[in-house]
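First up is the structure itself, then whatever we jot down about it.
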Amino acid sequence: MIRFTSALLLTSLTLSAAESVQDRIAVVTNTPGLVAFWDFTKREAPGQRFTAHVPAGAKNDYALDAGNYIKDLWNAGPSASYADFPLLGSGPFGQAIRIKQETNPDFRPLLFVPRTRLHDSPVSGTKEPTSRKRPLRRSPRSSAASANTPSSPD
């Protein structure tokens, strides 16, 4: 009886978790002004690029490409692929990716939407996005990152 009750409870929690993931996605995708939201579950096809949840009527799914910005900007280091972003198997929206600290100074993988796929989208116009995130790289190669790093109170 205890095993049956435990199994029933686990099944119930799993179903609740699945509903809460969908609820969380709905809350985010219904945010006024939202352009794109990636949950790292939605893809073009199995094994293909991640695509975004977008507002109803949007024409762009903002598929993410993998790249190494050191290679792209300075032609150094290896290429990046989706293998550099392993899935964790769970996350607040169904899935999450692992971003690890790389030891190779010429390898800084990132997921991005190429500019060519931003044309005729809400982010291609003159309006600035209300929120942006950018990677901060602290190394001798990137002096701008150290200039943006807050100084410690001495």
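The values are calculated or read from the model by the stated rules, or taken from the named source; none is laboratory data. Keep in mind that this is a model prediction, so the values were computed, not measured. All Cβ positions, even for glycine, are placed from backbone atoms using ideal geometry, and neighbour counts span all protein chains on display.
Of the residues 83, 66, 45, which is loosely packed, with under 12 Cβ neighbours inside 10 Å, of a type outside the set (Asp, Glu), more than 19 Å from residue 122 (Cα to Cα) and in contact with a strand residue (DSSP E or B) (Cβ under 9 Å, 6 or more places away or on another chain)? 83 is the lone residue from the list that is loosely packed, with under 12 Cβ neighbours inside 10 Å, of a type outside the set (Asp, Glu), more than 19 Å from residue 122 (Cα to Cα) and in contact with a strand residue (DSSP E or B) (Cβ under 9 Å, 6 or more places away or on another chain).
Only a single criterion out of (1) in a loop (DSSP other than H, G, I, E, B); (2) modelled with pLDDT under 90 is not satisfied by residue 5, namely (1). The set of residues in region 72-108 that are touching a residue at least 12 places away in the same chain (Cβ under 8 Å), over 18 Å from the mean Cα position of the chain (by Cα) and not in a loop (DSSP other than H, G, I, E, B) contains only 74. Listed conditions (1) closer than 30 Å to residue 19 by Cα; (2) part of a loop (DSSP other than H, G, I, E, B); (3) modelled with pLDDT of 90 or more are all met by residue 111, apart from (2). Here residue 80 meets the list (1) at pLDDT 95 or above; (2) under 30 Å from residue 32 (Cβ atoms) almost entirely, failing just condition (2).
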